[in-house]
Amino acid sequence: MARATDKKYDHLFQLLLCGDSSVGKTCLISRFADNEFRHTHINTIGIDFKLKLFTIRDKKIRMQIWDTAGQERYETLTAQYYRKAQGIILVYDITREETFRNVTKWLRNIEDHGVKGVKIILIGNKVDLESERKISTRHGQKLANQHNIKFFETSAWKDINVTEAFTELAEQILAKVESGGGRDRGSSSIRESAIKLHEQQPTPATKSHGGCCSGGSSN
Amino acid sequence: MADKKSSFWKRGNDTKLPGRAQPVANSPDLRPRSKTFEEYEKDTNDAWDDEAEDLSHLSSPVKPLEFNHTGSGEFDVKFSGKKAPLKSRIKEVVKPRSHTTGGMSTSGGGTGVQHSGSDSRRNAPQDTGRIRSMSPPSDPFDDIPDRETIKLQKFGKLLAGPNTDLEQLRKLSWSGIPSSVRATTWQLLCGYLPVNIDRREETLQRKRSEYLKLIDQYYHMRDDSIHKDTFRQIHIDVPRMNPSIPLFQQSIVQECFERILFIWSMRHPASGYVQGINDLVTPFFVVYLSYYISGDKNAETYDLSLLPNSTLNMIEADSFWCLQKLLEGIQDNYTLAQPGIQTKVMRLKDIMKRIDGSLHSHLERNSVDYLQFAFRWMNNLLMREFQLRSVIRIWDSYLSEADGFATLHVFVCAALLLKFSSEIQSKKDFQEIMIFLQNLPTSAWTDDDVQLLLAESFKLKYMFADAPGHLQN
C-alpha cells in the first residue's frame, strides 16, 4: 500500500496548551499554525485540534496541537489529553494576576495527568498590553526557574515570540526523542518541579473544597 | 389523565406522531430490519397532515417537489406535479407587533391573525416572518404560500385557545414553526406559557416580575468572593459568543446575558455556569426579540437602543425562564465530570456502529475518538456547527418533543455524521478527519438541508427509540 510511503514527515509531536480562560491559548495557536489573529473569537469548548507542519534542523515535524478550554469543569475531559501530550504550553495573561496565580494549579494538573518527562514551557501572553501589565517579567521568569522550565513572554496579536516558544518546545521534544528518551521514559523535570511545587504552594484553592467530611449536614 | 394521554397517542384512527416512536410491541412490522424508511413512511402518511408542510416528502424521491433557493437563505418550494389542494389563495398574515403590548400571548395567537386582501404581501413579515410567501413572478406553480398560510392558520387556531392543545401544537411544530408565531409557540412548548389563553398574560406578568426579584436577590452577589470566579467566567465568555452576529456585540445585550447566566448559575449550584451554556441563551433571545421588532428587521443586526427598556426586560425574563426549562432536561451535561455528555457520546457511538459500520471502522482505524469531536456537539447542542437560524429551526423540533434536547439531539448528531460519511471516509488520517469534523461545511446550509437532516434524524430515532436492543448487536 502507498500509505507507508505517504509519510511526509519525520516526527509526529503532540502538544497541548493549558491555562486559565481567555489568556490567549487559541490565539497563540492560530498565530503559530495559521499566522492569523482575530480580535473577536469564540471560547473553546472542551478541546480543539490544530495541525502544524514545520521543520527543525532538517527534520520535518508534524505537530498535533490540542487546545483546551480553560474552565475547571472540563478537566475530566482534558485530563486524557495530558496523558498523550509530549509537550505542554502553559499560558497566563500578564494583565490578569489570577491567571498567574493559577499557574501552580495547572502545573499540578500536569503532574497529576501528564506523562513522566513531558516537556513544559511557560508563556506570559499579551505583552502588547504593556500599560495594563500586572505580572513583571522577573516574576514570570522566577516561577519558571523554580520549576526548571523555559519561559517566554509573547503577544499573539503582535506576533512576538510565538514561533520562538513553540520552536523551543519542539526542540526539547526532538532532542529527547533523538536521544532515545521516547515517550513515558527519560528523566522528568516535572516530577522534580512538582515536588518543589508542593513544598512552596501548600494551600491550593482546589483542595480546600473537597475531601473532608467534617461539617456534613444532618440530612 | 392516563386516558387522555393514551387517547392522544391513538388520536383518531391510529394517527402516528412525528418524533414519537410507537411501542414496538404494538407495531412489530416497524422493525428496521424488515422495513425500509420509504415503506415505513407510506404506512405513516396519516401522521402528516396533507395540507400542512410535512417532512415526509423530503426523504422520498417520488414526491414531485423541488427546492428553489432564493439566495437569502429562505427557500421556495414548487410543485412540479399535482397542484396544491387550494385553488384560490387565501392570504393571512400576522399583525405587525407593537412595542407597547406587554404580553405576547394574545397578539401572537389566533387573535392576531387577520384576513387581508391582495395587498397583504406588503405586510407580510419578511425575514423574521420567513413565511416567504413571495414567489418569483415567473413561477405559476408556486404553491408554498398556500401551504404556509394553511400552516399558519392552524397555528393561529391552536394558539387562540381557549386552551391550546399542546400535543397538537407539538405535532404541528415538529416540521417547523412559522416565525410569526414562533415566540408564543416556543413558550408554550417550554411549559412557560399556560395553555389557557386567559391565564397567559397574567402568568407572563408574574414570571417577569419574579425574574426582576431574582435579579435583586442574586445579582449583587456577583462580587462576593465565592461567586466572583463564576461571574468572571461569564463576563469573559459573553463577549466571545457569536462574533459574527452584531446583536451580541452590543453591551446592552451582553449585560442581559450576564444577568441571565449568573442568576441561573446561582440557582443551580450542582452544575453552575459551564462554558457553552451562554450559547444556549441566544436562540431564545433572538426569537423573543424578533417578536417585538417589525417584520422587515433582522434580529441579528437589530440595534437594541431602538427598543424600549421595558420590552428588553420582558425579552430577558422570558429568555431566562425558557433557558431554565431547557436546562432542566440536560443538566447532567454540565454537572461534575459531565456524565450526560459522556452517556450521549457513547450512545452516538453505538448508533453509528449500527447504522454506518464502515464510517465507524474508519474512525476507529484512525484512532478518532467520538469524544474528541462530539463533546462540543453535545455541550453546545451543535450551535457551533450551524448558523443561528438553522439552530432555531432545529429547536422547533427539539421543543416539540418531551426530551428533544437530550434524545432527538443525539440522533441529529448521528444524521450529521451519516450526511458527511463519505467525505469523512475520504480523509485518510487522524489529522484530516479531526480537522474536517471540527469544521463541518455547514455554513451554506439552507432550510431544506436542515429539514433533510431532521427527517433523517426522525427516521433514526424511530428505528432506535423504544428498541434499545437494536444498539446491542
Original post:
region A:119-168 to region A:19-66: how many Å between their Cα centroids?
Top reply: 16
**OP:** Averaging sequence separations of C-alpha pairs under 8 Å and six or more residues apart, then dividing by the length of region A:1-159, give the relative contact order as a whole percent.
**Re:** 26
Subject >> Simple Cβ-charge dipole of region B:339-471, Lys/Arg +1 and Asp/Glu -1, about Cα centre, in debye nearest 20 >> reply: 240
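Return the average number of partner chain Cβ atoms within 10 angstrom of each residue Cβ along peptide A:37-48. Walk me through the numbers on the way to the answer.
Numbers: counts 0, 1, 1, 8, 2, 9, 11, 4, 12, 14, 6, 5.
Mean shielding by partner chains, rounded to a whole number: 6.
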Original post:
In square angstrom, rounded to the nearest 10, how much accessible surface does B:VAL391 have for a 1.4 Å probe?
Top reply: 0
Subject >> B versus A: buried accessible surface, summed, Å² (probe 1.4 Å, to nearest 100) >> reply: 2800
**OP:** Compare B:SER426, B:SER390 by solvent-accessible area with a 1.4 Å probe and give them largest first, with all protein chains kept in place.
**Re:** B:SER426, B:SER390
Subject >> Residues in region B:268-301 that, when all protein chains are in place, have 20 Å² or more less accessible area than the chain alone would give (probe 1.4 Å) >> reply: B:VAL274, B:GLN275
Subject >> Built amide H within the under 5 Å cut-off of A:MET63, gap 5+ >> reply: A:PHE13, A:LYS52, A:LEU53, A:PHE54
Original post:
What shape does region A:8-210 have by the C-alpha gyration tensor, where a ≥ b ≥ c are the square roots of the eigenvalues, rounded means a/c under 1.5, and otherwise prolate means a/b greater than b/c and oblate the rest?
Top reply: rounded
Subject >> Mean Cβ count within 10 Å, highest first, over the residues of peptides B:296-308, A:69-81 >> reply: A:69-81, B:296-308
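Counting only protein chains, not ligands or nucleic acids, how are B:MET434, B:MET314 ordered by accessible area (probe 1.4 Å), most first?
Listed by decreasing accessible area, they come as B:MET314, B:MET434.
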Original post:
What whole-number value in Å² describes the accessible area per residue of region B:197-329 for a 1.4 Å probe?
Top reply: 38
Subject >> Surface accessible to a 1.4 Å probe, B:MET266 within the full protein complex, Å² >> reply: 30
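Would region B:339-471 count as rounded, prolate or oblate if I go by the C-alpha gyration tensor, calling it rounded below 1.5 in a/c and otherwise prolate when a/b exceeds b/c, oblate otherwise?
Oblate shape, in that a/c is at least 1.5 and b/c is the bigger or equal ratio.
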Subject >> Accessible surface of region B:339-471 [probe 1.4 Å, protein heavy atoms]: carbon and sulfur percent >> reply: 50
Subject >> Estimated vicinal HN-Hα couplings, Hz - region A:53-61 in sequence order (Karplus 6.51, -1.76, 1.60; Gly, Pro = x) >> reply: 9, 7, 10, 10, 6, 6, 9, 7, 10
**OP:** Would you mind telling me the share, in percent, of accessible area of region A:8-210 contributed by carbon and sulfur at probe 1.4 angstrom?
**Re:** 46
Original post:
In debye to the nearest 20, how big a dipole does region B:197-329 give about its Cα centre with +1 on each Lys and Arg Cβ and -1 on each Asp and Glu Cβ?
Top reply: 220
Original post:
Which residues, if any, in region B:428-447 have at least 10 Å² less accessible area in the whole protein complex than in the isolated chain, probe 1.4 Å?
Top reply: B:LYS428, B:ASP429, B:PHE430, B:GLN431, B:MET434, B:ILE435, B:GLN438
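On a 1.4 Å probe surface of the protein chains, which of B:HIS409, A:HIS41 comes out largest in accessible area, and what is the full order?
A:HIS41, B:HIS409
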**OP:** Select from A:TYR9, A:VAL23, A:PHE49 the residue farthest towards the positive end of the dipole of region A:1-72; place +1 on Cβ of Lys and Arg, -1 on Cβ of Asp and Glu, and compute about the Cα centre.
**Re:** A:TYR9
Original post:
Karplus couplings for region B:276-284 from phi (6.51 cos²θ - 1.76 cosθ + 1.60, θ = phi - 60°), rounded to Hz, Gly and Pro as x?
Top reply: x, 5, 4, 4, 6, 6, 4, x, 4
Subject >> Cα gyration tensor of region B:197-329 - equivalent ellipsoid semi-axes, whole Å, descending >> reply: 23, 19, 13
Original post:
What's the extension gain from A:LEU129 to A:ASP10 if we count 0.36 nm per residue and subtract their Cα-Cα distance?
Top reply: 39.0 nm
Subject >> Area accessible to solvent at A:ASP58, 1.4 Å probe radius, in Å² >> reply: 140
Original post:
What is the Cα centroid distance between region B:367-407 and region B:296-326, reported in whole angstrom?
Top reply: 23
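The values are calculated or read from the model by the stated rules, or taken from the named source; none is laboratory data. All figures in this text were calculated on a predicted structure; none of them were measured in a lab. No Cβ is skipped: glycine too gets one built from the backbone with ideal geometry, and neighbour counts run over all protein chains shown. In case anyone asks, the SASA skips ligands and DNA or RNA and just uses the protein heavy atoms, side chains included. Shrake-Rupley method; radii C 1.70, N 1.55, O 1.52, S 1.80 Å.
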